[in-house]
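As structure tokens, the structure follows; a few thoughts come after it.
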Amino acid sequence: MERGASPAPAGDRQWRGSARLAVVCAVAFGALTVLTDCAAGTFTPVRAVLWLALSAAIGLLLLPPRVAAGRGWLSVRGPLSRRTVRTDALVGVRQYEGAASQLIFRDVHGGRLELDTRVLAANPFLWHEVDTGLRHSLRNGTLVQGADVLHRLERAIDDEEARAVLKASGMS
């Protein structure tokens, strides 16, 4: 690495597989609708465009957001938008439980983003970048809400990693 160059950002290692699954589902939907339409004898060019548009919409809906983090920042990019927060200048972090546990990050510059906690748990390098920024926010005193959420998440991720190591070594 060159002197003064910043390291490559950490990203979601499972994104490609999830994106591939979204594309496969969209293509399968398109193929099944076209085949069903052809079998019914109602297939027309207008309906073909309709099925193509619907398949594309399903692909976009299923496409997971792309998550990346670097020194002091976290970014979530969806098909239509990109949100970034400064992890070294966070004001608050909230966790919402539900079908999927979501973290809501807010920074001093007004940035806000939502992130599924499973993404951080599945990506140690991504978690390291976020955790480093969070510790910086705590040291600087900007993080006024959510330190307890982060400590719980840190314990949960560490426990999960320890279980994975024990399982891989045949000790569990």
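What follows draws every value from the coordinates through simple rules; no lab data is involved. What you see is a predicted model; the values in this text were computed from it and never measured. Because the Cβ atoms are built from the backbone with ideal geometry, glycine has one as well, and the counts that use them run over all protein chains shown.
For the chain, a Gaussian network of Cα nodes joined below 10 Å ranks SER81, SER55, SER18 by mean-square fluctuation, and the top entry is SER81.
Principal semi-axes of the equivalent ellipsoid, √(5λ) from the alpha carbon gyration tensor of the chain, are 39, 20, 16 Å from largest down.
Among residues other than THR142 with Cβ under 13 Å from its Cβ, the summed charge is +2 (Lys and Arg +1, Asp and Glu -1).
When Lys and Arg each count +1 and Asp and Glu each count -1, what net charge do the other residues less than 12 Å away from VAL67, Cβ to Cβ, add up to? So the surrounding residues net to +2.
Say we join alpha carbon atoms closer than 10 Å with springs in a Gaussian network model of the chain; which of GLU160, GLU129, GLU114 then has the biggest fluctuation? Of the options given, GLU160 has the highest mean-square fluctuation. At a threshold of 8 angstrom on Cα-Cα distance, excluding pairs fewer than six apart, so keeping six or more, what relative contact order does the chain reach in percent? The value is 19 percent.
Computed over neighbours whose Cβ is under 14 Å from that of VAL76, the net charge equals +3, Lys and Arg +1, Asp and Glu -1. Full extension of the segment from THR44 to LEU21, taken as 0.36 nm per residue of separation minus the current Cα-Cα distance, would add 5.5 nm.
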